[in-house]
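Please treat every number below as a calculation from the coordinates, not as lab data. Just so we're clear, the structure is a prediction, and the values are computed from it rather than from any experiment. Cβ: placed from backbone, ideal geometry, glycine included. Neighbour counts: every protein chain shown.
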Amino acid sequence: MKPCHIEKLNMSLSPLGFGVMRLPMSTGRAFDASVYELLAEAYERGINYFDTAYTYLGGRSEELIRDALVARYPRESFHIADKLPVWECRDRDDMDRIFNTQLERLGLDYIDFYLLHALYTSRWLDIYEKGVLDFLDEKRSEGKIRKIGFSFHDTAGALIPILDAYDWDFAQLQINYYDWTAQRARDSYDILAERDIPCIVMEPVGGGRLAKLPGEAEQLLKNHCPGGSIASWAIRFAASLPNVAVTLSGMNDIEQLTDNLAVFSPIVPLSEAEYSALRDVESILAGYNTIPCTVCGYCVDACPQNVDILQIFRRYNDYKQFKKIVRFDVDYHAFVPKQRRASNCVSCGKCSEKCPQKIDIPKNLEAIHRTAVGLLVGADVEKLKEQLADKTSLVCFGAGSMGRNALTALRECGCRVDYFCDNAQSLWGTKVDGVPVISPIELQELTKKKHLKVLITSSYIEEIRSRLESLGISVTSETKNK
């Protein structure tokens, strides 16, 4: 891949840039040798723009850049983009301290592209009042910054006063074919183009959301380009925009790198028919009402309860788009640890404050958890709570792993479980997490004394339903999609 000369910047940049925000790390915050090899391979195959930040990868991304690139290759042969975490700057001293730390971590004397990180209106006004523009001018005059810009997460209306305040060299926007209209990314892009300010694109694949699509949408794209990857459509969309200088991609392996490089060998702008296909895909995706999470991770870092927001949102979005093949209730309870589930959210709002997409995270977590529990037990949780408040006893038929998951989920939602019932004689008279296990005959006798609601919390739905009906017991509902 050959670099392209960007006249406004007077620099030659690779049209594909490497974003290091999502590279894999071990639990010990170490990088596997393959990560260094991936960055080196990207450089050797023509990428000369590498995007990092002070906070990426637990604060280790800049050191990774140093070891993988700075220590190996001539300084003039690549460009580093780094960012000032404006939310961590209480005053000018913090700006200087952080910047000096970044130079040290990178092992550099200067940074090619320096950005104010993740601006929106209130954050911009705060850092502006603290004198950030004087700080940037000073670092440029000292030769420690070559080009000055910002990354942006707000409406086009909020972009204008930022652009008016300074002679910016470039700006970084979230642009992909879904957000183009759904999040009105086009409006911000057009403003940059009108002012002749080069645009760096982030999240062209929507944090991975556009790399895998529901069947009907995926087939639509394959009909136009049978051999192309789904992700390549998103990359081509961003790279086809005339005012885009660099399209960033967070590549995690050689396969992704190779696929993305193929898009630029050479770049073939989308045809009108292909644009039309993407608009159709956008309409399909809009119908799924997924959460617009790009997996940046800022929310998780801010959460005092350590709720696994990214995992929860990712699995929920997969469920919304691929209901026929994704068991969200099972995924949620099997892969999200109890101590990190949505039920642990205290609605402090710190996550939403950090979210570039302005997602109401606590509200979504509450709804998702309610959905997961409802799918697991096959009942509307809120209605069930109302019923149980009226001196009704709840019985879960099935005391195995599914029943235990249901018990945990119901308790997390404020629903008590009074009894387990099971066909296994070995369990009769025992307790599961404090809940007594009774036999079907005991359940039959209990119905004569108490008002009961019975849920089937087992995969043997029809067998259990038949058994209960033979005993004259009606089932309130049952777990679905089992």
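Observations on the structure shown:
- Segment residue 129-residue 44, extension gain: residue separation times 0.36 nm, minus the distance between their alpha carbons: 26.3 nm
- Anisotropy class of the chain from Cα gyration tensor, a/c 1.5 cut: prolate
- Order of 313, 335, 420 under a 10 Å beta carbon neighbour criterion, fewest first: 335, 313, 420
- Each listed q (0.11, 0.20, 0.21, 0.24 Å⁻¹) maps to a log10 I(q)/I(0) for region 298-377 from the Debye sum over equal C-alpha point scatterers, namely -0.26, -0.83, -0.91, -1.14.
- Region 214-247 residues near the modelled residue 273 label - backbone nitrogen below 15 Å, point 7 Å along Cα→Cβ: 220-228
- Exposed-site-free run, longest, the chain (rule: GluC sites (Glu not before Pro); DSSP loop; at most 15 other C-beta within 10 Å): 143-482
- Residues whose placed amide H lies under 5 Å from that of residue 4, excluding near-sequence neighbours: 13, 14
- Nonlocal amide H pairs with residue 17, under 5 Å, H built at 1.01 Å: 247, 248, 249
- Our compactness index for region 157-257, the C-alpha radius of gyration over the empirical 2.2 N^0.38 Å, is 1.18.
- A simple spin-label model places pseudo-atoms 7 Å from Cα toward Cβ; at residue 186 and residue 138 they are separated by 4.4 nm.
- Sites residue 390 and residue 470 - FRET efficiency at Förster radius 25 Å, r taken between beta-carbons, to 0.05: 0.35
- Whole-number Å³ per residue for the convex hull built on Cα positions in region 4-286: 133 Å³
- Normalised by residue number, the volume inside the convex hull of the Cα atoms of region 68-165 is 103 Å³ per residue.
- Each listed q (0.19 Å⁻¹) maps to a log10 I(q)/I(0) for region 110-215 from the Debye sum over equal C-alpha point scatterers, namely -0.97.
- Residue order, fewest to most beta carbons within 10 Å, for 454, 132: 132, 454
- Interchain or long-range residues, amide H under 5 Å from residue 72's placed H: none
- FRET efficiency estimate (nearest 0.05) - Cβ-Cβ, residue 380 to residue 430, R0 30 angstrom: 0.50
- Karplus 3J(HN,Hα) series, Hz, for region 359-369 with 6.51 cos²θ - 1.76 cosθ + 1.60 (x for Gly, Pro): 6, 7, 5, x, 4, 5, 4, 4, 5, 5, 5
- Estimated from helices alone, the mean residue ellipticity of the chain at 222 nm is -12500 deg cm²/dmol (sum of -39500 (n - 2.57) over DSSP H runs with n ≥ 4, per residue).
- Along the axis of the charge dipole computed for region 165-223 (Cβ charges of +1 for Lys and Arg, -1 for Asp and Glu, origin at the Cα centre), the listed residues 176, 192, 223 are led at the positive end by 223.
- Shape of region 223-262, Cα gyration tensor, a/c cut at 1.5: oblate
- Given charges at beta-carbon only (K, R positive; D, E negative), |dipole| of the chain in Debye: 1840 debye
- Of 363/385; 391/448; 212/320; 431/453; 320/385, pairs whose Cα-Cα distance is over 21 Å: 320/385
- Between region 115-180 and region 53-103, the Cα center-to-center distance that results, in Å: 17 Å
- Order of 413, 421, 296, 348 under a 10 Å beta carbon neighbour criterion, fewest first: 348, 413, 296, 421
- Taking a ≥ b ≥ c as the square roots of the eigenvalues of the Cα gyration tensor, region 381-478 is rounded, since a/c falls below 1.5.
- The length gained on full extension between residue 165 and residue 445, counted as 0.36 nm times the residue separation minus their Cα-Cα distance, comes to 93.0 nm.
- Rounded to whole Hz, the Karplus (6.51, -1.76, 1.60) HN-Hα couplings of region 144-156, x for glycine and proline: 9, 9, 9, 10, 10, x, 7, 9, 10, 9, 6, 7, 4
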